[in-house]
Every structure is written in C-alpha cells, then in structure tokens.
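Written out below as structure tokens is the structure these notes cover.
Nothing in this text is a laboratory measurement; each read-out follows from the coordinates by a stated rule. Only a predicted model underlies this, so the values are computations on that prediction, with no experimental measurement involved. No Cβ is skipped: glycine too gets one built from the backbone with ideal geometry, and neighbour counts run over all protein chains shown.
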Amino acid sequence: MILVTGATGSIGTHLVRFLLDDGVPFRALVRDPAQGEALGCDHVVGDFDDPGSLAAAMRGVDRLFLNAAGAQPVTEGEQPMIRQQRAAIDAARAAGVARVVKVSVWHAHQGGRLAEGAHWEIEQYLKASGLGWTILQPSGFMQNFITGAGTFTAEGGLLGAYGDAGVSYIDCQDIAACAAALLSGTAGLGETYVLTGPQALTHTEIAREISTVLGRSVAHLETSPDELAATLRAQGLPAGFADDLAELCREVAAGSLEATTSAVRELTGREPRTFARFLADNADALRASLLTATR
C-alpha cells in the first residue's frame, strides 16, 4: 500500500491518476475531506503538523511518496517544511514503512537558501532514518507558468530575472510518472535522480512559445534580482526571504538549471514532455492564469 502526500498538488494529482489507471493500491493524505472526494480515490484526512493523523494515515502502508509545500517566508527559525517532513519520516519509521520516495529540489545542499537548504536537511534526516529511500530532484516546474510563479505582469508580459540563461523546466506529469515507476517497483533504492525536461529554454524563448499558443504577442520583460527583491519587500514579504530569492535568481542566471539529464527516460521508458506540448495541453489554464494576472 502506497501513501501519497501532497496528493492535491501539481505532482500529486498526476500521481494519483497514474496509480488509479495502473490499479496500484494506494491512499491519499489530504487536509480537506472535499479535496479527497474530488480526487476519486481512497483517502485519509490528516496534516503534517498533527502526529496522530500521520500515524493513522501510515497504518498498513509500506511505501510513502513524500511531498509537501515548499519554502515559505519566515522571519526567524527553520522552514516549517523541515519539521513537517521529519514528522512524516518518523511516522513512516514507526509504522514499518519500507521505502520513501521524496521530492526534493535540484542543487539541495547544506546552507542553501530557502528550499535548497531545507530539502538538504530533510534528505539527510531521511538517509539516516534506516528507511529505504529514493530522492527526486526536479528542475523548475512548467506548471509555474500557470500557477503564477512564472510571473506575469499586470499588462500580460512575462517577467524574468535570469538574463539569457536557460532553464530545463520539467512537466510535473513527468515527475509523477517517475515517482509512480519507483513506488511500483524495486529500482532506484538509495539513488538520487535529477529530473529535467528535454531542453533548456530562456524566458525570451518561453515568451515566444506562449505567444504561439495564445495567438498573440506576449512580451518578455527582464528585471534584475535586486529589483525583484525590492518589489517583494514592497509587497510585505520578509527582507531575508526576498534577498534569498534574489540570490537564487543570480544562481539561475549563472546557468545552474541549464543542464538536462536522461533520468525521466531511464525511469519511465519515454522522453520527457516538451514545453510546447505542455502549453498546448494546458492552453485554457494558461489563458485563465493570464486573465487573473491582468485584472
């Protein structure tokens, strides 16, 4: 039995569908009963901050898909996700879970900013837990351009802070397909996989592809990491969070997310989805996202 956490998120919804289609026994952990009903699968209501609900969710489970909300703006102390995912690992160990497939982030490392440092802490905790583990380190999500994290301006332009650097964005559907393969088999124990799309695209190239799908011109507007940080601070976000995000933008601008890997093909037997295919499949959602951004 597999327990899927983050089941209503960008990766989890695809993973739920894959497991349902393949007839693999699993249950989803959700915070809202209505969300569980909407998934159309076996589910249990719980929360990472409620140890009792985690213990109940783990009963009869032998494999865990560990995924949760990313780094959050905090003024002091550690990222909440560190505490939350450690609690899930503890509950999994107590329940006798044999294997954990964890979604991390590319370039997770000690002392890293925001998610990079937080995920490194969790990775080390998982590796020391005695549980079987596999870690997925994806590049940037294509879904960010629909959820708003890709950042469209109020005028409908695509805002970027990476200069001419490319990013090997990956469709969350491919991350879910890799997770489904690992959770359903025995391969990959003790391995870390960097997951990328098939090519690195600059924001100028992305704006061109979005323009093609929408049938109208979408401009690419470049800002600097420092200007982005100033905007975030003006919006009320903690200065430390804004500065950390600016530093991550500098790393991307230096090419930290340009490389591509063969991991998706190795785990799923097919090539990762292209950005053009992702946009074509999600054109209506993209239009809705842009409409919200420009209101």
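What the table shows:
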item	result
Residue order, fewest to most beta carbons within 10 Å, for HIS109, HIS203	HIS109, HIS203
Answer label for Rg and Dmax of the Cα atoms in Å (calculated), chosen among [x] 23.2, 71; [y] 17.4, 50; [z] 19.0, 55	[z]
Additional length obtainable on full extension of the chain from ASP243 to ARG93, 0.36 nm per residue less Cα span	50.3 nm
Helix 225-234 vs. the chain, principal-axis angle (Cα, 0 to 90°, nearest 10)	80
Prolate/oblate/rounded call for segment 30-149, Cα gyration tensor, a/c under 1.5 rounded	oblate
Burial ordering of ASP164, ASP62, fewest other beta-carbon atoms within 10 Å first	ASP164, ASP62
Charge dipole magnitude, Cβ of K and R +1, D and E -1 - the chain, Cα centre, debye nearest 20	600
Separation of alpha-carbon centers, segment 11-42 and segment 84-125, rounded to whole Å	22
Positive-pole candidate from GLN143, LEU257, LEU237, dipole of the chain, charges at beta carbon	GLN143
Loop GluC sites (Glu not before Pro), segment 74-122, which have at most 12 other Cβ atoms in a 10 Å radius of their Cβ (DSSP)	GLU76, GLU78
Acute angle (nearest 10 degrees) that the helix 239-253 long axis makes with the longest principal axis of the chain, alpha-carbon atoms	80
Share, in percent, of DSSP beta bridges within the chain that are antiparallel, nearest 5	5
Gained length - ASP62 relative to THR153, 0.36 nm times residue gap less alpha-carbon distance	28.2 nm
